[in-house]
1. Regarding the chain, what whole-number volume in Å³ per residue does the convex hull of its Cα atoms give?
2. Which net charge results for the neighbourhood of I83, defined as the other residues with beta-carbon distances under 14 angstrom from its beta-carbon, given Lys and Arg at +1 and Asp and Glu at -1?
3. Counting only residues 5 or more places away or on other chains, whose amide H sits under 5 Å from the amide H of R71 once H atoms are built in the peptide plane?
4. Pairs of alpha-carbon atoms within less than 8 angstrom and 6+ residues apart define the contacts here; what relative contact order does the stretch 60-121 have, in percent?
5. Might you report the magnitude of the Cβ-based charge dipole of the chain about its Cα centre, with Lys and Arg at +1 and Asp and Glu at -1, to the nearest 20 debye?
6. Local charge sum around N98 (other residues, Cβ-Cβ under 14 Å, Lys/Arg +1, Asp/Glu -1)?
7. At 1.4 Å probe size, with the rest of the protein present, what percent of the exposed accessible area of the chain is carbon and sulfur atoms?
8. Calculate, in nm to one decimal, what R45 and E61 gain on full extension: separation in residues at 0.36 nm each, minus their alpha carbon distance.
Amino acid sequence: QVQLVESGGGLVQAGGSLKLSCAASGSIGSINNMGWYRQAPGKQRELVASITRGGNTNYAESVKGRFTISRDNAKNTMYLQMISLKPEDTAVYYCAANVRPILSTMFRDYWGQGTQVTVSS
């Protein structure tokens, strides 16, 4: 079994900062791409940022220059540093990872349970 657990969400005022973490654990053989997604009430889940195992990153236009994704491959952990937060960043943030479990030759996507980020105006 592979589990992803997010942490670091909370309530912050506009202009503030938060850092999210996503820890992968369990029977992990290898982790390929990882990413942060978010879903606001009444909206579809959207990609916020992604990062390859080698550290190449990709960001949604709406967060470029404000959010920074990173990962620690030795700890199987991914981070999302968020600054200059806006009320429109309010959403449940989910982490996702493309993982090959131990004793498997196949990669599949795993998701965390989500962490709430609320930005007040």
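1. For the chain, the hull spanned by Cα atoms encloses 94 Å³ per residue.
2. Every neighbour counted, the sum reads +3.
3. Y79
4. Relative contact order here is 29 percent.
5. Dipole magnitude for the chain comes out near 160 debye.
6. +3
7. Carbon and sulfur atoms account for 48 percent of the accessible area of the chain.
8. 4.2 nm
The values are calculated or read from the model by the stated rules, or taken from the named source; none is laboratory data. For clarity, every value in this text was computed on a predicted model and none was experimentally measured. Using ideal geometry, Cβ is built from the backbone for each residue, glycine included, and neighbour counts are taken over all protein chains shown. The area values use the complete protein model at the heavy-atom level, side chains included, leaving out ligands, DNA and RNA. Shrake-Rupley method; radii C 1.70, N 1.55, O 1.52, S 1.80 Å.
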